[in-house]
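Below: one structure, written as structure tokens.
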Amino acid sequence: MSSEPRLPFRARIGRPSDLAAIESTFDRARTGEWAVRLAARDATLWSNDPEVQEKIANRLGWLDAPEHFTTEIPSLEAFGESPVTGAATRVTDFVVAGMGGSSLAPEVLARAFADITDWGKARICDSTDPEAVRSAVAGLKPESSYYLLASKSGTTTETLSFAAFAHELNQEQLSASGSTQEVTANFAAISDPSPCVDGITKVVDTSRLFLNPADIGGRYSALSFVGLVPAALLGIDLDPLLASGSAAIAQSRDPEPAGNHALALGCIMGALAREGRDKMTLIVDEPIDGFGAWAEQLVAESTGKHGVGVVPVDGEPLGAVSTYGDDRLFVRITLDGGVAPRCADGTAVDARLDALAAAGHPVVEWTLNDRIDLGGEFVRWEVATAFAGAVLNINPFDEPNVTESKTNTANVLAELATKGALPELPAKCTVDGLQIWADDTLPAAFADDAERLIAGQLDRLGANGYIGIQAYIASTPARTAALTKLRLALRDATGRATTVGIGPRFLHSTGQLHKGGAPIGWFLQIVAGHPRDLTIPGRPYSFGQLIDAQALGDVRSLADHGLPVLRVHLGDDPDAGLTRLTALIERVLAVR
């Protein structure tokens, strides 16, 4: 096997041990007939336990999605033309309220096809931050807007809280305008059949129900109603989108990695993770760059369990070759006519990847001819991730640790109900208006000295670790830039991969990896005040209290796993607080 094996994409694998591991895994896939068994829905591909096999068998409906939903195209197109019954025109704006795969797939499509004119524009609400919720509904009017409420289980707290808020807001707007339109006309639910969908309809009466097959898991649902209903409102041509997915399914049946893109990718991901290259950096062209966040949640939640996993790294600009250790795999997805991202220092990405490959880092890359081929790319990664699960000997369709933070959040909210206030984590020190807390593994002498506290906590970052920044604040372009500056400072000083998750959305994606994957994460939790909070109709807590409870619940979960956690409260001005925090950490890194 050469450094550029014969595959459906370009693969530059320089280290002999990496090449040997990949070849061995290819042989395992061939002799084990993995492609044939996946097509046959053979659950023994992942487990010998009959109970686990039965559960897996009930999570493989995504393999039929492109063909199944092709029959739904006429009704979806009719809905996209006029979702509000009797309306003369299409909606101008619509909100997708969902978490994890229920929001990320629509976000990929909305960004990729943002230039389609005279159709609806999507807003994504996958946050409980009051500022984010307020932004999601700003300027919307009932006569020209629509709400898609997506929850597979029908019990997603974030989605149901937003649903109650949006329903009351619409009712108030209709009453104020004197309109006779029913408030239900502006809402649709995307869920599994009853009893799941009942969880949504008990909160909000909807004009339309889109019921997915129950055997399609949330993160494998991109080409189900979860992605297709928003696509219809965006004006995307559904025929070629689903045809692209069907073509990817057909290719995934090829038993040879040389002709099976998904099988080759899954084997490479899994084999290199077992070799220690378990940090997978994604570099994707605009305007399909939102795909990185979708792939991140798919790979992290599917592979991060039982002490193993692939750590996907999205949105981290490439640094100098000397920045990286031997724990990376680089995946480059280009688009004909797309715009390549730039490296942190302004260097062209592909030139830097050439240098990384020359230095022995594995680089795989391929090109999409058209953004409509995202249909096939969704499928390709779903199949590849399933195969990576087989390599890692785990079930890629469950999420055993996700409930931990949910349970801890519920416990925190119970304390609020009992005591009238959320529990507090007393700051160990305060500096520049930042309140800093760390778990209790550091010496007491580190308290009241912010720089020493941060340096001591950084000393707990392992040689093969990664840094997870968890920002429980509303996302804005300015904050994305600030968080990128912060992550690059940490990456360049430590040589460790960095991830950034916006809370609470990351709890439904990378949260599983943090708790269930290899215990190598180092976490920086960022929270802020809520000077303009919002109430949640029918709930005994506000949005601000809910997101605070979610942050506290996750801190407790991470600490229970013995993982290093540094928590920083930015105060009531997140933008100014991020600037101060970055300056503080840069001072620490400069003398560390």
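Report yes if Ala114 is under 24 Å from the mean Cα position of the chain (by Cα), crowded, with 21+ Cβ neighbours inside 10 Å and outside the structural domain of Glu382 (by TED's automatic domain parsing), otherwise no. Walk me through it before giving the result.
Working: under 24 Å from the mean Cα position of the chain (by Cα): yes; crowded, with 21+ Cβ neighbours inside 10 Å: no; outside the structural domain of Glu382 (by TED's automatic domain parsing): yes.
When the stated conditions are applied, Ala114 does not pass them.
Counting only strands (runs of 3 or more DSSP E) that sit completely within the stretch 412-478, those holding 1 or more residues that are assigned by TED's automatic domain parsing to the domain that holds Leu546, of a type in the set (Phe, Trp, Tyr) and touching a Ser or Thr at 6+ places or on another chain (Cβ under 9 Å) correspond to 466-471. If you scan the stretch 527-545, which residues turn out to be crowded, with 23+ Cβ neighbours inside 10 Å and in contact with a Lys or Arg (Cβ under 8 Å, 6 or more places away or on another chain)? Within the stretch 527-545, Val527 is the sole residue that qualifies.
Of the residues contained in the stretch 76-86, none is found to be buried (at least 18 other Cβ atoms within 10 Å of the Cβ), out of contact with any Phe, Trp or Tyr (no Cβ under 9 Å at 6 or more places or on another chain), touching a residue at least 24 places away in the same chain (Cβ under 8 Å) and outside the structural domain of Ile502 (by TED's automatic domain parsing).
Against the numbered list (1) under 21 Å from the mean Cα position of the chain (by Cα); (2) at pLDDT 95 or above; (3) closer than 28 Å to Asn408 by Cα, Phe165 comes up short only at (1).
Identification of helices (runs of 4 or more DSSP H) wholly contained in the stretch 191-289 with 1 or more residues that are touching a helix residue (DSSP H, G or I) at 6+ places or on another chain (Cβ under 6 Å) and either surrounded by fewer than 19 Cβ atoms within 10 Å (Cβ to Cβ) or touching a residue at least 40 places away in the same chain (Cβ under 8 Å) (or both) yields 225-234, 238-251, 261-274. Remark: pairs (first residue in the stretch 316-343, in contact (Cβ under 8 Å) with a residue 60 or more places away in the chain; second residue among the hydroxyl-bearing types (Ser, Thr, Tyr) and in a helix (DSSP H, G or I); Cβ separation under 9 Å; 6+ apart in sequence or on different chains) = Glu316/Thr484; Pro317/Thr484.
Here is a check on your reading of the model: is Thr409 in contact with a Gly (Cβ under 7 Å, 6 or more places away or on another chain) and assigned to a helix (DSSP H, G or I)?
Yes, satisfied.
Residues in the stretch 366-379 that are more than 17 Å from the chain's Cα centre (by Cα) and under 17 Å from Val299 (Cβ atoms): 1 in all.
Against the condition buried (at least 23 other Cβ atoms within 10 Å of the Cβ) and within 21 Å of Lys428 (Cα to Cα), how does Ala497 come out, does it pass? So Ala497 does not fit the description; no.
Report yes if Ala583 is touching a residue at least 60 places away in the same chain (Cβ under 8 Å), within 28 Å of Ser161 (Cβ to Cβ), out of contact with any strand residue (DSSP E or B) (no Cβ under 9 Å at 6 or more places or on another chain) and assigned by TED's automatic domain parsing to the domain that holds Trp437, otherwise no. For Ala583, the condition - touching a residue at least 60 places away in the same chain (Cβ under 8 Å), within 28 Å of Ser161 (Cβ to Cβ), out of contact with any strand residue (DSSP E or B) (no Cβ under 9 Å at 6 or more places or on another chain) and assigned by TED's automatic domain parsing to the domain that holds Trp437 - is not met.
The rows are residues; the columns are (1) in contact with a strand residue (DSSP E or B) (Cβ under 7 Å, 6 or more places away or on another chain); (2) part of a loop (DSSP other than H, G, I, E, B); (3) among the β-branched types (Val, Ile, Thr).
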{"residue": "Leu298", "(1), (2), (3)": "no, no, no"}
{"residue": "Glu301", "(1), (2), (3)": "no, no, no"}
{"residue": "Val331", "(1), (2), (3)": "yes, no, yes"}
{"residue": "Glu365", "(1), (2), (3)": "yes, no, no"}
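Against the list (1) assigned by TED's automatic domain parsing to the domain that holds Gly217; (2) modelled with pLDDT of 95 or more; (3) not hydroxyl-bearing (Ser, Thr, Tyr), the condition Pro66 fails is (1).
The values are calculated or read from the model by the stated rules, or taken from the named source; none is laboratory data. Quantities reported herein were computed from a predicted structural model and do not represent experimental measurements. Neighbour counts run over all protein chains shown; Cβ positions are idealised from the backbone, glycine included.
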